[in-house]
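Following: one structure in structure tokens, then a few remarks.
The values are calculated or read from the model by the stated rules, or taken from the named source; none is laboratory data. Keep in mind the model is a prediction, meaning the values are calculated, not measured. Note that we place each Cβ from the backbone using ideal geometry, even for glycine, and neighbour counts take in every protein chain shown.
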Amino acid sequence: MSEGHIHDVSQDVKKYLYVFLALAVLTVVTVGISYIDFGLSGSIVVALIVATVKGSLVAFYFMHLNHEKKSIYQLLGLTAVCFLILVFIALGATSNKHPYHDNEDEHRFQKEYNESLTHLHEHEQHEEVHEQDNAHSSDFTAPVGSPIGAYWRNKVFNPQQDGDGTSDTSSGDAIYGTSVISGLVTFEGKIPRMKSLMEEMSADIGCYGKYTTTDPISDTVVVGPSNTLANVLVRITEGPPIGRAYKATDEISAGRIQVAILDQYGCMYKPHILAVMAGQEITIKNSDGIMHNVHAIPTINSEFNKAMPKMTKKIDYTFQEEEQDPFPIKCDVHPWMGGYVSVLPHPFFSLTALNGKFEIKNLPAGTYLLEAWHEKLGSLTSTVEVREGEISESNFSFSKL
């Protein structure tokens, strides 16, 4: 029996060599397609197809399933069905969720939104004539429970406040000044110990290979030597500029805001939190030279999920709608990678580095409500009055929740 088996194998050596050659070619194909940007869904489908072909060759020839009974083919058919289910699950999980089903819905909503703005302006003009009715000016409510509801609340029904405490939703001309608000953000109390990411990164040399002298540490809470706090967004929420129109391209040209760059280095987002203006282009870089995907999960803007294979050095993306509450951005390939993006309607914001300092320039004189936001420690507010040409100081101290 054993001699016959050896004899059969020796007769099939040529066939096995062909199968081995096919597997080698498919391995080269697997490496090659990693340099091609099919999108996240396309990459998953192609990878599953190649893996299925390779697995089938191994099963049929090296495991001799091609000589088995017909029942084995029924089992393989069930496997194929499971494969298709997995493909559709992958496609469903990676598809973008947009609040509009098609362009017609979006145009219809935009028309209704514009009509609502007109109605709101008429209401404000009526309030100017009848000031005694001001107490009822906040009776407007917006639909809830959907991205469209959030859009309405943000754009129409929650007008922000100016320095005098009166609502101003009109898009007037941009205004600037020579005043500055600066300050320091610190952490009070026992500094939390952040988790080392070395164990999670150990499976990918493209990640841990960037850390030759120190271990990678979670950047959720980053505290400096003097208890200064990094990754805090400081922005104005009330004041004279609120409600006026500011254009991102003009602000960049004038040097009032910087070009927005989000880098992926050492399998971490740099910076951890990014603040941009609505309509400002973001350049997303892949300095790691390995497979990443950038998955932003906003509430008002469209969800964004883009694969970045190793040869894709950068992509550009723009969030068109104002979305001041920072929303998460993550990498589905490396689950520890996370950051935040805030989309603001004006250029009056600042992000703290390790020294905890912030500075907001070019403000006109007036009274401002300042908000400092941290992803884990919450938000703090401060009222600041500034005079033209002067620097006013406002400090924030966070403590562990």
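Need at least 1 residues that are within 20 Å of the chain's Cα centre (by Cα) and β-branched (Val, Ile, Thr) per element, so show me which strands (runs of 3 or more DSSP E) inside segment 238-279 make the cut, counting only ones lying wholly within it. Show your work before the answer.
Numbers: elements: 260-265, 268-270, 273-277.
Passing ranges, in order: 260-265, 273-277.
Please determine, by comparing only the residues of segment 167-191 that are of a type in the set (Asp, Glu) and not assigned by TED's automatic domain parsing to the domain that holds SER382, which one is modelled with the lowest pLDDT. Step through it out loud before you land on a result.
Here is the first cut: in segment 167-191, the ones of a type in the set (Asp, Glu) are 168, 173, 188.
When the remaining residues are screened for being not assigned by TED's automatic domain parsing to the domain that holds SER382, the result is 168, 173.
On the way: ASP168: 37, ASP173: 88.
Checking each candidate, the answer is ASP168.
Could you please let me know if PRO364 is surrounded by 21 or more Cβ atoms within 10 Å (Cβ to Cβ), touching a residue at least 60 places away in the same chain (Cβ under 8 Å) and farther than 16 Å from ASN231 by Cα? Quick ask: steps written out before the conclusion?
Working: surrounded by 21 or more Cβ atoms within 10 Å (Cβ to Cβ): no; touching a residue at least 60 places away in the same chain (Cβ under 8 Å): yes; farther than 16 Å from ASN231 by Cα: yes.
Criteria not met by PRO364.
Quickly run through segment 237-262 and pick out the residues that are surrounded by fewer than 17 Cβ atoms within 10 Å (Cβ to Cβ) and either free of Cβ contacts under 8 Å to residues at least 60 places away in the same chain or not assigned by TED's automatic domain parsing to the domain that holds GLU321 (or both).
Residues satisfying the conditions are THR249, SER253, ALA254, GLY255, GLN258, VAL259, ILE261.
Say we look at segment 1-34 and pick out the residues that are over 30 Å from MET311 (Cα atoms) and assigned to a loop (DSSP other than H, G, I, E, B); which of these is modelled with the lowest pLDDT?
Only one residue fits best here, namely MET1.
Residues TYR340, TYR368: which one is out of contact with any helix residue (DSSP H, G or I) (no Cβ under 6 Å at 6 or more places or on another chain), at pLDDT 95 or above, within 19 Å of SER179 (Cα to Cα) and assigned to a strand (DSSP E or B)? Lay out the reasoning, then the answer.
Working: TYR340 fails: within 19 Å of SER179 (Cα to Cα).
The unique qualifying residue is TYR368.
Looking at (1) touching a Ser or Thr at 6+ places or on another chain (Cβ under 8 Å); (2) closer than 27 Å to SER218 by Cβ; (3) assigned to a loop (DSSP other than H, G, I, E, B), which one does PRO326 not meet, given that it meets all the others?
Of the numbered conditions (1) touching a Ser or Thr at 6+ places or on another chain (Cβ under 8 Å); (2) closer than 27 Å to SER218 by Cβ; (3) assigned to a loop (DSSP other than H, G, I, E, B), the odd one out for PRO326 is (3).
In segment 278-313, how many residues are under 28 Å from GLU251 (Cβ atoms), among the small types (Gly, Ala, Ser) and surrounded by fewer than 21 Cβ atoms within 10 Å (Cβ to Cβ)?
Total satisfying the criteria: 4.
Would you pick out the residues in segment 198-224 that are surrounded by fewer than 17 Cβ atoms within 10 Å (Cβ to Cβ) and without any contact (Cβ under 8 Å) to a residue 40 or more places away in the chain?
Those that are surrounded by fewer than 17 Cβ atoms within 10 Å (Cβ to Cβ) and without any contact (Cβ under 8 Å) to a residue 40 or more places away in the chain: MET198, GLU199, SER202, ALA203, ILE205, GLY209, THR212, THR213, THR214, ASP215, ILE217.
Restricting attention to segment 287-298, does a residue exist that is in the same structural domain as LYS195 (by TED's automatic domain parsing), free of Cβ contacts under 8 Å to residues at least 60 places away in the same chain, of a type in the set (Gly, Ala, Ser) and in a loop (DSSP other than H, G, I, E, B)?
Checking segment 287-298: at least one residue is in the same structural domain as LYS195 (by TED's automatic domain parsing), free of Cβ contacts under 8 Å to residues at least 60 places away in the same chain, of a type in the set (Gly, Ala, Ser) and in a loop (DSSP other than H, G, I, E, B).
Please work out if GLU393 is of a type in the set (Asp, Glu) and surrounded by 16 or more Cβ atoms within 10 Å (Cβ to Cβ). Working first, answer last.
Working: of a type in the set (Asp, Glu): yes; surrounded by 16 or more Cβ atoms within 10 Å (Cβ to Cβ): no.
Spelling it out, it is not the case that GLU393 is of a type in the set (Asp, Glu) and surrounded by 16 or more Cβ atoms within 10 Å (Cβ to Cβ).
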